[in-house]
Ligand SMILES: [Zn+2]
Ligand SMILES: [Zn+2]
């Protein structure tokens, strides 16, 4: 997981070269700083501290963190939610005001995380559903990141073969090609954990038929490419920094490459990623 300093350094680096992304990068800079302040005060307990059970769960194809494991300080989380809402209000005052009008529904949601039936629980927010989903996910993020730090080391390379996150079950939002043998690492959009996954397989539908998968490379940014899956019509942005001097910071690369999401969408491909829906 990248440190706050690494994220801020990467934001500064990108800001110079991609002036169109100033607004989005400013927003994430504020979120990362606020998140780090929460993270510094946190310590979650390892749900597998007796050393048992984790290997079996992975063998059965289940992510390690169960709903009942997710323990959090509801007051601290509500504080962070409110800080995030202030940050959102600077960019999107109307959206933030609409969420504030639903304070009862928001309060109920925050007391029982992760949400059970997310579609039902987001219904009161109407047009603001995506924004609320983003806020809920980001509010949980400091706790999820701590769980990812504890649980990721329990996931051996040979133990997990799924396209979703071995820690929290989230979908990948970004990938990286690394090493001499072109291995691929996926990054979870929810907890930030990463795991290896075969390069020529779609993490969303599992197809390994090579003719169903293609990559396109934008001319202006050769360090990125996008995997397109013709079987399920999903796509995944991917970085290949092996020949570049920059260091990869997946959480920064994702918002800084939203132009690639636009290209993928125009070609008829889709994503479950809430950030993309919110920003584009
Ligand atoms: Zn995860
Ligand atoms: Zn697929």
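Throughout, read-outs are computed from the coordinates displayed, never taken from laboratory work. Remember, it's a predicted structure, so these values are computed and weren't measured experimentally. Quick reminder, even Gly has a Cβ in these numbers, built from the backbone with ideal geometry, and neighbours come from all protein chains shown.
Bridge orientation summary for the chain: considering DSSP beta bridges with both residues in this region, about 85 percent are antiparallel. The share of C-alpha pairs in region 47-142 whose separation exceeds 22 Å stands at 37 percent. Extents of region 190-280, taken as max minus min of Cα coordinates on every principal axis and listed largest first, are 33, 31, 29 Å.
Taking 211, 251, 127 as the candidate residues, the one with maximal mean-square fluctuation in a Gaussian network model of the chain, Cα springs under 10 Å, is 211.
Per-peptide packing, taken as the mean over residues of other Cβ atoms within 10 Å, places 70-80, 228-238 in the sequence 228-238, 70-80 from highest down.
Set the Förster radius R0 to 25 Å, insert the Cβ-Cβ distance between residue 52 and residue 196 as r into 1/(1 + (r/R0)^6), and round the FRET efficiency to 0.05. Efficiency for this residue pair is about 0.50.
The value of relative contact order for region 4-154, using C-alpha pairs under 8 Å at least six residues apart, is 30 percent.
Taking the Cβ-Cβ separation of residue 178 and residue 118 as r and a Förster radius of 51 Å, what is the calculated FRET efficiency to the nearest 0.05? Once rounded, the FRET efficiency stands at 0.95. Pairs of Cα atoms nearer than 8 Å and 6+ residues apart set the relative contact order; for region 80-175 it is 21 percent. Relative protection proxy for 170-179, 217-226, 41-50, from highest mean packing down: 170-179, 217-226, 41-50 (other beta-carbon atoms within 10 angstrom). What share of Cα pairs, in percent, lie more than 18 angstrom apart in region 74-201? Cα-Cα pairs in region 74-201 separated by more than 18 Å: 59 percent. Packing around the peptides 183-192, 54-63, taken as the average count of other Cβ atoms within 10 Å per residue, puts them in this order, highest first: 183-192, 54-63. Diffusion coefficient of region 229-271 by Stokes-Einstein, Kirkwood radius over Cα pairs, 37 °C, 0.692 mPa s: 283 µm²/s.
In the calculated pair-distance distribution of the chain, the portion above 25 angstrom amounts to 48 percent of the Cα-Cα pairs. Taking all Cα pairs closer than 8 Å and separated by 6 or more residues, the relative contact order of the chain comes to 17 percent.
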